[in-house]
Amino acid sequence: MCGSRLSVLVNWHPTEDFAMEKGLRQGDSLSPFVFTIAVEGFSKMLKRGCSMGLTEGISHGLKVNFFKSSISRVGMEKEVIYSAAFNLRCKMEDLPLKYLGLPIGESSSGVTTWTPAYQ
């Protein structure tokens, strides 16, 4: 996007506007989290548009394959995640885990942690 500027909320306060210049590449350890945030926002906008009758003629066939999906916990009780995994019919994974072959939730100081990124 050329000329786009945005700000983010940090502790519920907007930051200064900044230009969007660089992005994440596939395999970046932040990619799954940014994707989740973007999809969550899009999902909420689509639901709101549906409830307002603004989505006439729009159909979408995207479905989540929960058999291929997993849920992990960060700072949450195991029972909450067990319940969510059961209700979503997906598996539960503990950190560290791998996403696109790269480790998430491991110490980034170990050389062996980054071996998949070099290969």
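Among the residues of the range 5-29, those that are loosely packed, with under 10 Cβ neighbours inside 10 Å and at pLDDT below 75 comprise GLU21, LYS22, GLY23, ARG25, GLN26. For a quick check of your reading of the model, give me the residue pairs whose first member lies in the range 84-106 and is among the aromatic types (Phe, Trp, Tyr), whose second is modelled with pLDDT under 80 and part of a helix (DSSP H, G or I), with beta-carbon atoms closer than 7 Å and at least 6 apart or on different chains. Taking only residues 6 or more apart or on different chains, the pairs are TYR99/PRO32. Scanning the range 30-70 for residues that are closer than 25 Å to TYR99 by Cβ, among the polar types (S, T, N, Q) and modelled with pLDDT of 75 or more gives THR36, SER43, ASN65, SER69, SER70.
The values are calculated or read from the model by the stated rules, or taken from the named source; none is laboratory data. Computed from a prediction, not measured in an experiment: that's the story for all the values here. Note that we place each Cβ from the backbone using ideal geometry, even for glycine, and neighbour counts take in every protein chain shown.
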